[in-house]
1. Explain nothing, just compute: Karplus ³J(HN,Hα) = 6.51 cos²θ - 1.76 cosθ + 1.60, θ = phi - 60°, for every residue of region 170-175 in order, whole Hz, x for Gly and Pro.
2. Skipping prolines and chain starts, which residues have an amide H placed within reach, meaning under 5 Å, of the one on I95, given they are 5 or more residues away or on another chain?
3. Mind listing the long-range amide H neighbours of K26? Cut-off is under 5 Å, sequence gap 5 or more, other chains count too, H placed in the peptide plane at 1.01 Å from N.
4. For the chain, with the dipole built from +1 on Lys and Arg beta-carbon atoms and -1 on Asp and Glu ones, taken about the Cα centre, which of Q23, L76, M135 lies farthest toward the positive end?
5. For R68, which sequence-distant residues (separation of 5 or more, or a different chain) have an amide H within less than 5 Å of its own amide H, given hydrogens modelled in the peptide plane?
6. With an 8 Å Cα cut-off and a minimum separation of 6 or more residues, compute the relative contact order for the chain in percent.
7. Return the Cα extents of region 99-172 along principal axes one, two and three, sorted largest first, each rounded to a whole Å.
8. Where nothing but the Cβ of Lys and Arg (+1) and of Asp and Glu (-1) is charged, how large is the charge dipole of region 99-172 around its Cα centre, in debye to the nearest 20?
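A short reminder: the numbers here are calculations on the coordinates, not readings from a lab. Since the structure is predicted, the reported quantities are computational estimates derived from the model, not experimental observations. Neighbour counts run over all protein chains shown; Cβ positions are idealised from the backbone, glycine included.
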Amino acid sequence: MTDHILNIENLSIAFPSDAGSVQVVKSVSLTVGREIVALVGESGSGKSMTGRAIMGLLPRRAEIAAERLAFDGQDLRTLNASGWNRLRGSGMSLILQDPKYSLNPAHRVGRQVEEALLLHTRLSASERRERALDMLDKVGLTDPKRVYASHPAALSGGMGQRVMIAAMLINRPKLIIADEPTSALDRGLQDQILTLLRTLTEEFGMSLLLISHDLQQVSRYADRVLVMRRGEIVERLPAAELSNAQSPYTRGLWAARPSAETYGTRLPVLDEREDAV
Ligand SMILES: Nc1ncnc2c1ncn2[C@@H]1O[C@H](COP(=O)(O)OP(=O)(O)OP(=O)(O)O)[C@@H](O)[C@H]1O
Ligand SMILES: [Mg+2]
């Protein structure tokens with residue numbers, strides 16, 4: 001794949017601490033083209049920090065360095081706050097775990113789904129509404145008009161996540177970063193939402209960076225997999241080969257499938273971290 005929308009070389013992220021700075025992401029290099037790339041790894045391995053760096057959403061204290069941090073031909077290292085605001089919600093979007101925290105309970109769904117259009121386009125109110133209804137339909141909501149007029153509290157978890165996806169995709173971003181987009185949902189819904197994400201990724205010609213704990217699930221939805229441990233990418237392989245991964249670490253992650261019992265708890269870290277913060 002030569003046509004990479006995202007190109008990262010030697011990304012490092014550190015946090016200052018009393019004992020000196022703690023590196024949480026170390027020389028990570030990756031590219032994403034028109035495909036689904038999964039970023040997997042044990043808890044604390046640096047997946048979310050990597051995703052947040054790409055979106056310009058690192059905590060203020062974080063120190064970031066990269067030899068290259070390029071999105072769609074733009075050097076992200078040079079963006080100022082307004083540049084990031086222009087990019088987020090138009091060029092790239094972030095889908096998070098739980099719609100409860102991402103949707104504003106005070107506003108109707110329609111307004112939230114349209115928000116990116118309001119910020120980033122000159123469409124009229126009726127054009128925005130039309131696009132929002134169309135998008136609500138595309139994400140598989142059966143009564144778009146009713147959902148459009150509802151408040152988030154009226155939605156089930158699965159519907160909420162579909163609304164989130166509609167809001168994130170409405171302006172046709174080129175890159176989606178989905179950080180554990182389904183771990184708040186039950187298993188059946190997880191598959192529905194991931195199938196939806198994959199279908200829309202293909203239909204819109206988007207790129208998807210899928211951050212996940214669940215390797216078995218990832219093997220069914222991603223094209224390529226990057227395995228992180230202690231801030232580093234330690235293995236790269238096609239998703240279809242995950243079940244035959246050779247390294248003990250990746251095999252351990254494959255076997256440690258999140259289950260109903262571990263849901264909502266942190267997954268075991270497979271090895272002791274000497275640099276825990
Ligand atoms: N604000 C912060 N200050 C200092 N360290 C932080 C901060 N936020 C995260 N970290 C540390 O950075 C490391 C990487 O965190 P990150 O959230 O990227 O892990 P993760 O791979 O997404 O884990 P999980 O699977 O649990 O979501 C962790 O060791 C975490 O403790
Ligand atoms: Mg995370």
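1. Once θ is set to phi - 60°, the couplings for region 170-175 become 4, 9, 6, x, 7, 10 Hz.
2. It is I177, A178, D179, by chain and number.
3. Hits under the 5 Å cutoff: I13, E232.
4. Farthest towards the positive end: M135.
5. It is E9, by chain and number.
6. Working: 502 pairs, mean separation 70.7, N = 277.
Once divided by the residue count of the chain, the mean separation gives 26 percent.
7. 32, 23, 20
8. On the way: 12 positive and 7 negative charges, 15 e Å.
The calculation lands at about 80 debye.
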